[in-house]
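The values are calculated or read from the model by the stated rules, or taken from the named source; none is laboratory data. Keep in mind that what you see is a predicted model, and the values were worked out from it rather than measured. All Cβ positions, even for glycine, are placed from backbone atoms using ideal geometry, and neighbour counts span all protein chains on display. Accessible surface is based on the protein model in full, side chains and every heavy atom, while ligands, DNA and RNA are left aside. Shrake-Rupley method; radii C 1.70, N 1.55, O 1.52, S 1.80 Å.
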Amino acid sequence: MNDAVFQRCIDPQCAGTLAVDDTSFHCPKCGGLLDVIYDWNRLPPPKSLKDFAAKWARRTDPVCFSGVWRFHELLPFAPAEQILTIGEGQTILQRADAVAIYTGMQPGRLFLQYEGLNPSGSFKDNGMTAAFTHARLVGARRAACASTGNTSASLAVFCSATGLMRAIIFIGSGKISYGKLAQALDHGALTIQIAGDFDDAMTRVQQVAGKLGIYLVNSINPFRLEGQKTIMFRVLEAMSWEVPEWIVVPGGNLGNVSSFGKAFMELKELGLISRSPRLAVINAAGANTFYQLHERHGLRWNNGKPDSKIIDGYYRALDMENLRAATLASAIEINRPVNLAKALRALDKCGGLVREVTDQEMLDAKAKVGAGGLGCEPASAATVAGVRKLCQEGIINRDERVVCILTGHQLKDPTATVAYHSSDSKTFDEVLGKRGVRRASFANRAVQVRNDLEEIIKAIELYS
């Protein structure tokens, strides 16, 4: 390829390439996943990460205001005039001492990266701005995704805010929270609900996108992952450009861990950091494909050649037993992650590992996060539950610096939150009990009193 930016197969032995404006998003030689590649000999990379801090002084420029495009030099696949932004990426890294104590870590060593502050309420906006910029570059008029909720919300927000494309969303039957579905509907997206789960919807949306020439924004799209890299750039920025020991992330379709791994690989290649953090991916126990394959079956990156027999055998067993993903953490309720190979590479390059946590562990961790001031959806709390488990195992040391990625806002799934804190046992059982949650260890239940001033005052004095 003669261009300074192009797409290349992630398998080093294949290395098939496509032009930057190709939207098939599969290697033309082997059908594998693609990376966006930059020829840094022909592009001006930043000399220091600290140079990015100066851009905030120019925040009247939408590109500098964006928490994604402030780092344009590290994802330079489109010229500045083509960038499509709605102000995404204004997120925070917060020290969380109460959560640290809950996990078994020392105060001052655990940090929460809160991506729920994005316009659509989740981390997806980081990737969507990059995907939309690429879609604009190629002249797309319709964009589609399969979704458990957050991708559909982000796609709908970007389509409605910009007016440049029509959103088409595929969801599975009963597999989306009302908080997320409300966003897709309110922002005018065409929503297609099919009989099946996310994996079924993912298969169909790829087929439809191919036949109708619709731009696909799921994380199989490598340009979306370029935007998600910037979550790590903001983490480093908030830590004065010092690399923490651990990054902990929920595992669903595995787009985040894939993009984080690529971010650190590129920063090391450019000499902007001297080492990478370790990556920990946390699956829900009811959707634990990555945990099973990596930790139980020994699947590894193997220099771009993961053992396909292990993968095929595992998926075949799922089909034979008709095992579907089942977890309250709808954002990671996925059995067939499309970025499996990229995630394996990320763990290989960053010394990573995978763990699983139950819905009970997630909801208890979620309550502790909420009590500390940042509300998150259940999937986000998998990270905190995972850190607690890894501390108990002695893998994470109490004095190491750990960053947990909180991927989505508390109001993404209010039903689970209300049920957890409810004093109504029927509500608890209908929403949580049938999923195996037996107790609300940190419930903050409403105090019921008669409509009497003295009784109300007495209750306040007693409980506050």
### Task
Residue by residue through region 275-288, note down the ones that are under 21 Å from residue 381 (Cβ atoms), open to solvent by 10 Å² or more (accessible area, probe 1.4 Å) and in a loop (DSSP other than H, G, I, E, B).
285, 286, 288
### Task
Could you check, for region 403-410, whether at least one of its residues is touching a residue at least 40 places away in the same chain (Cβ under 8 Å) and either more than 26 Å from the chain's Cα centre (by Cα) or open to solvent by 20 Å² or more (accessible area, probe 1.4 Å) (or both)?
yes
### Query
Taking region 27-52 only, how many residues are part of a loop (DSSP other than H, G, I, E, B), touching a residue at least 60 places away in the same chain (Cβ under 8 Å) and more than 25 Å from residue 274 (Cα to Cα)?
2
## Note on the structure
Those residues of region 1-23 that are without any contact (Cβ under 8 Å) to a residue 60 or more places away in the chain and among the polar types (S, T, N, Q) come to a total of 2
### Answer from 75, 33, 43 - the residue that is over 24 Å from the mean Cα position of the chain (by Cα) and aliphatic (A, V, I, L, M)
43
### So residue 148, is it at pLDDT below 95, buried (at least 24 other Cβ atoms within 10 Å of the Cβ) and of a type in the set (Val, Ile, Thr)
yes
### Message
Being closer than 19 Å to residue 298 by Cα, hydrophobic (A, V, I, L, M, F, W, C) and touching a residue at least 60 places away in the same chain (Cβ under 8 Å) narrows it down to one residue among 363, 347; which is it?
### Response
347
### Task
Mind listing whichever residues of region 289-302 are closer than 13 Å to residue 340 by Cβ, not basic (Lys, Arg) and not in a helix (DSSP H, G or I)?
297, 299, 301
### Summary
All-but-one check, residue 127 against (1) small (Gly, Ala, Ser); (2) open to solvent by less than 40 Å² (accessible area, probe 1.4 Å); (3) at pLDDT below 90, failing number (3)
### Query
Looking at region 159-203, which of its residues are aromatic (Phe, Trp, Tyr) and open to solvent by 40 Å² or more (accessible area, probe 1.4 Å)?
178
### Query
How about region 303-325: which of its residues are in contact (Cβ under 8 Å) with a residue 60 or more places away in the chain, open to solvent by 70 Å² or more (accessible area, probe 1.4 Å) and part of a loop (DSSP other than H, G, I, E, B)?
305, 324
### Task
Only helices (runs of 4 or more DSSP H) wholly contained in region 359-452 count here; list those with 2 or more residues that are of a type in the set (S, T, N, Q) and modelled with pLDDT of 95 or more.
378-392
